[in-house]
Amino acid sequence: MNKTAAELRHHELTQEIYNIGDEVADYLEHIIEALADWDRELIEDSLLEFTEILEDARLDSRRITAELTGLRQALTSGLRAGTVNFQPDLGAVGVAKPAELDTGTLRRDYPITARPVIVRELTRALNGRTEQVIEHLEDLVQWTLHQTALVANDLNAPSLPLVYQQVRTRVDSAVGAWVESVAEEHPGYTLAMRGTNPPSFLTERARVDGIVAKVAEKRAAARRAISGGGYAS
């Protein structure tokens, strides 16, 4: 591979690293939107999708960083020294790794102590628990993007597969805590709140699905016209 081709490939692979981080963040935001809508079923479906995307991200990032390491060694050594300049994403410096959030933390921070339960206390506690999980996942989005940017600019940064595994552990813990301390403990309130914040990603999916369906129908009509000896309108 000549110098120009190596530089182009380096640029492509660096962009792929960013794209992986963006995709992980996007699917994590789907979980956040489902939580804001109090939709347990959608939360669990979104968590499954996120897990699949994360596993792909771990495999792809391992492959890409390995190739990037070789390219950067070639482009920054010997006569090619200085060809490629690596700088950390200074705008993302200072993003701390969120600690795990569990059921005990939610119950401690937003307790329900009155017996019989007082509606006002119940509302405050369950809304608070939900908001705390959402804020926690939003912090994980920022940390994910931060770590991805660090690796894209400095391959001596922490391993992306390890970073994404840590993200998964924290997401699983936080979502599990919400299910246990909100959805399972108080299903009536959770059901009553469902539908208050319809997720925007579902609207986008419906739009895309509609376009795909129209294209498929046009192609099917064209095939029918050809096989019947006529022409598609």
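Remark: the chain carries a charge dipole of roughly 600 debye about the Cα centre, counting +1 on each Lys and Arg Cβ and -1 on each Asp and Glu Cβ.
Remark: T4, T130, T51, T169 ranked as T4, T169, T51, T130, counting other beta-carbon atoms within 10 Å and listing the fewest first. Going from the residue with the fewest nearby Cβ atoms within 10 Å to the one with the most, S173, S61 rank S173, S61.
Ordering G128, P158, M193 by the projection of their Cα atoms onto the charge dipole of the range 3-198, which places +1 on the Cβ of Lys and Arg and -1 on the Cβ of Asp and Glu, puts P158 at the extreme positive end. Fewest-first ordering of S159, S181 by other beta carbons within 10 Å of each residue's beta carbon gives S159, S181.
A short reminder: the numbers here are calculations on the coordinates, not readings from a lab. Source: prediction; values computed, not measured. Ideal geometry is used to build each Cβ from the backbone, glycine not excepted, and the neighbour counts take in all protein chains shown.
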